[in-house]
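Asks: Structure below; questions to follow.
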Amino acid sequence: MMGAVTVVRSLAFDAPRALRAIAALLTGPIPSAGNPTLIDADPHTGEWLATRADGFVLAPLWEGPDLTGLRDPEWTEQLEAGDRHLATLAGKLDEQWGPHRVLTIDYLIRNPQADRPPVYEALLRQDLYGDLHVWAPDQAGDRRLALVLGHSDGDQPLTLAALVAAGPLPELPV
């Protein structure tokens, strides 16, 4: 399901809608440790709805247009739009829960044979190769929220997704 089209593909970026989706993920069920990875897709279109597994849920919030055939400056404008959408949501979440920390997955990209915890395998399966912007919104519990913006190559659409984990995200070597 690499590079799958998401259920949010035809929707314009809408920060309030994305924040509502994040709130639903934060209060929704998370599979317990040891569960296999399940990729939820729309039964009619096959579009990616969510990935659920081993203590986490990953879901798309926004997907940009196909970048095939775009050249500068249009290609750069699309990348900058994705960065703005991520910054908008990160700013709102920083206001609510304090500054986020950045967790990079560069190690896994540079070392494709490295052991990949299921949460990172799910991110890479959905072509979400970007840095994770991580918060601990559930101060009384262990839930973590991360936003990630990524795409596999210059022609694939950007996807902005939310990841909610039942505990701290595994640390990776630098």
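Asks: Condition first: over 17 Å from the mean Cα position of the chain (by Cα) and either of a type in the set (A, V, I, L, M) or on the phi > 0 side of the Ramachandran plot (or both). Now tell me which residues in the range 21-38 satisfy that.
Replies: Across the range 21-38, the qualifying residues are 33, 34.
Asks: Here's a follow-up. Working only within the range 91-123, note down all residues that are of a type in the set (A, V, I, L, M, F, W, C) and out of contact with any helix residue (DSSP H, G or I) (no Cβ under 7 Å at 6 or more places or on another chain).
Replies: Quick first cut of the range 91-123, residues of a type in the set (A, V, I, L, M, F, W, C) only: 93, 97, 102-103, 105, 108-109, 114, 119, 122-123.
93, 97, 102, 103, 109, 119, 122, 123, listed by residue number.
Asks: Name the residue that is modelled with the lowest pLDDT, counting only residues in the range 117-137 that are charged (D, E, K, R) and more than 19 Å from residue 34 (Cα to Cα).
Replies: The initial filter retains those residues of the range 117-137 that are charged (D, E, K, R), namely 121, 125, 127, 131.
Still in the running and more than 19 Å from residue 34 (Cα to Cα): 127, 131.
Values: 127: 89, 131: 95.
Ranking the candidates gives 127 first.
Asks: Going by the structure shown, is residue 57 touching a helix residue (DSSP H, G or I) at 6+ places or on another chain (Cβ under 8 Å), closer than 23 Å to residue 129 by Cβ and assigned to a strand (DSSP E or B)? Can you show your working first?
Replies: Details: touching a helix residue (DSSP H, G or I) at 6+ places or on another chain (Cβ under 8 Å): yes; closer than 23 Å to residue 129 by Cβ: yes; assigned to a strand (DSSP E or B): yes.
Answer is yes for this residue.
Asks: Would you confirm whether or not the range 135-144 contains a residue that is of a type in the set (A, V, I, L, M) and touching a Leu at 6+ places or on another chain (Cβ under 7 Å)?
Replies: no
Asks: Shifting gears a bit: Checking residue 127 against (1) touching a residue at least 40 places away in the same chain (Cβ under 8 Å); (2) of a type outside the set (Ser, Thr, Tyr); (3) on the phi < 0 side of the Ramachandran plot; (4) crowded, with 16+ Cβ neighbours inside 10 Å, which test does it fail?
Replies: (3)
Asks: Residues of the range 19-73 being among the acidic types (Asp, Glu) and surrounded by 13 or more Cβ atoms within 10 Å (Cβ to Cβ), which ones? Walk me through it before giving the result.
Replies: Our first condition is that a residue be among the acidic types (Asp, Glu); within the range 19-73, this holds for 40, 42, 47, 54, 63, 66, 72.
Residues satisfying the conditions are 40, 47, 54, 63, 66.
Asks: Further question on the same structure: Looking only at residues that are modelled with pLDDT of 90 or more and farther than 23 Å from residue 82 by Cβ in the range 138-166, which one is surrounded by the most Cβ atoms within 10 Å (Cβ to Cβ)?
Replies: 143
Asks: Can you work out which of the residues in the range 60-77 that are in a loop (DSSP other than H, G, I, E, B) and closer than 17 Å to residue 160 by Cα is modelled with the highest pLDDT? If you could, list the steps in order and put the result at the bottom.
Replies: Step one: of the range 60-77, the residues in a loop (DSSP other than H, G, I, E, B) are 64-73.
Imposing the further condition that a residue be closer than 17 Å to residue 160 by Cα reduces the set to 64-67.
Working: 64: 90, 65: 86, 66: 83, 67: 80.
Taking the candidates together, the pick is 64.
Residues checked against (1) in contact (Cβ under 8 Å) with a residue 40 or more places away in the chain; (2) closer than 18 Å to residue 148 by Cα:
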{"residue": "40", "(1), (2)": "no, no"}
{"residue": "50", "(1), (2)": "no, yes"}
{"residue": "58", "(1), (2)": "yes, yes"}
{"residue": "77", "(1), (2)": "no, no"}
{"residue": "81", "(1), (2)": "yes, yes"}
{"residue": "93", "(1), (2)": "yes, yes"}
{"residue": "101", "(1), (2)": "no, yes"}
{"residue": "105", "(1), (2)": "yes, yes"}
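Asks: If I ask for residues that are touching a residue at least 60 places away in the same chain (Cβ under 8 Å) and either in contact with a His (Cβ under 7 Å, 6 or more places away or on another chain) or surrounded by fewer than 16 Cβ atoms within 10 Å (Cβ to Cβ) (or both), which ones from the range 1-18 would you list?
Replies: 1, 2, 3, 13, 15
Asks: Looking at the range 29-38, which of the residues that are assigned to a loop (DSSP other than H, G, I, E, B) and free of Cβ contacts under 8 Å to residues at least 40 places away in the same chain is farthest from residue 170 (Cα to Cα)?
Replies: At the first step, the residues of the range 29-38 found to be assigned to a loop (DSSP other than H, G, I, E, B) are 29-37.
Add one more test, that the residue is free of Cβ contacts under 8 Å to residues at least 40 places away in the same chain, and what stays is 29, 31, 34-36.
Values: 29: 20, 31: 17, 34: 15, 35: 17, 36: 18 Å.
Across the range 29-38, the extreme among qualifying residues is 29.
The values are calculated or read from the model by the stated rules, or taken from the named source; none is laboratory data. Just so it is clear, the model here is predicted, and its values are computed rather than measured. FYI the Cβ positions are ideal-geometry reconstructions off the backbone, even for glycines, and counts take in every protein chain you see.
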